[in-house]
Amino acid sequence: MARVSQEHLDARRRQILDGAARCFARNGFHATSMQDVLTEVGLSAGAVYRYFRGKDELIAAIAEEAFAGVRGAFVEASRATPPPTPDVLLGAVLRLFLEERIPGADRQAFPRLILQVWSETLRDEQLAATLEAGFRGMREIWAGLVTAYQENGLLPAGVSADHMVRILIAIAQGCIAQQALFGDLSVEILEEGVRGLMSMRTQSPS
């Protein structure tokens, strides 16, 4: 009997994860049954259960990939030299989310999946711990960018790097939620909006 290659095994696992992700993004974790997943991927129960023992394992695997996708988007955006200004930085993050991250699904699918994952952390302690660790890591990475802004004279030295990073991440999270819910957000809208906020001048108290 011919031996199945690792490449084939990996491709089959990818096929299952992509199909499950489409189902979960469309109907949510808990409204999706394993039969829905089997129908989506066109495989037998035995073929799917060879890789995942049930829906909980599928959810965990997809959540881990979603976390990695979010984290990767933030890391990728922070690597530019010189450090990108906030409008460019956040635009780069959103651009990665607007790409077709789930094969065969629309541009809202990945943001919708992210929302599903975030909500799942409210009931799953292990996922919550993974999310918290990722959030801490992103804050550390972007804190270095804020420090670079200060060193280049773009930002007052007295501004808390962590406070600014929290707000930058919150803007990115809000954009993900907005795209998931309404689907009409573009990179250009985000960049122009952030540039507008950056151009505001505060008035000195009289």
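Key figures for this structure:
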item: Selection from region 139-186 of residues that are in a helix (DSSP H, G or I), within 17 Å of the chain's Cα centre (by Cα) and small (Gly, Ala, Ser); result: 170, 172, 174, 177, 180
item: Pairs, first touching a residue at least 24 places away in the same chain (Cβ under 8 Å) in region 87-116, second in a helix (DSSP H, G or I) and hydroxyl-bearing (Ser, Thr, Tyr), C-beta under 9 Å, six or more apart; result: 89/78
item: Sole exception among (1) in contact (Cβ under 8 Å) with a residue 40 or more places away in the chain; (2) aromatic (Phe, Trp, Tyr); (3) more than 26 Å from residue 14 (Cβ to Cβ) for residue 135, by number; result: (1)
item: Members of region 159-206 that are more than 22 Å from residue 96 (Cβ to Cβ) and open to solvent by less than 80 Å² (accessible area, probe 1.4 Å); result: 159, 160, 161, 162, 196, 199
item: Selected residue [open to solvent by 50 Å² or more (accessible area, probe 1.4 Å) and under 30 Å from residue 18 (Cβ atoms)] from 96, 89, 122; result: 122
item: Contacts under 7 angstrom Cβ, first residue in region 57-86 being charged (D, E, K, R), partner modelled with pLDDT under 80 and open to solvent by 10 Å² or more (accessible area, probe 1.4 Å), 6 or more apart; result: 76/96
item: Filter result for the condition that a residue is under 11 Å from the mean Cα position of the chain (by Cα) and closer than 30 Å to residue 189 by Cα, over 79, 136, 107, 101; result: 101
item: Those residues of region 1-33 which are open to solvent by 40 Å² or more (accessible area, probe 1.4 Å) and in contact with a helix residue (DSSP H, G or I) (Cβ under 8 Å, 6 or more places away or on another chain), in sequence order; result: 12, 15, 22, 26, 27, 33
item: Yes/no for residue 70 being within 12 Å of the chain's Cα centre (by Cα) and buried (at least 19 other Cβ atoms within 10 Å of the Cβ); result: yes
item: Any hit, region 108-123, residues being among the hydrophobic types (A, V, I, L, M, F, W, C), part of a loop (DSSP other than H, G, I, E, B) and either under 23 Å from residue 14 (Cβ atoms) or at pLDDT below 90 (or both); result: no
item: Complete set of residues in region 1-32 that are farther than 26 Å from residue 183 by Cα and either small (Gly, Ala, Ser) or part of a loop (DSSP other than H, G, I, E, B) (or both); result: 1, 2, 3, 4, 5, 11
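The values are calculated or read from the model by the stated rules, or taken from the named source; none is laboratory data. No experiment lies behind these values; they were computed from the predicted model shown. All Cβ positions, glycine included, derive from the backbone under ideal geometry; neighbour counts span all protein chains shown. Surface areas here come from the heavy atoms of the whole protein model, side chains and all, with no ligands, DNA or RNA. Shrake-Rupley method; radii C 1.70, N 1.55, O 1.52, S 1.80 Å.
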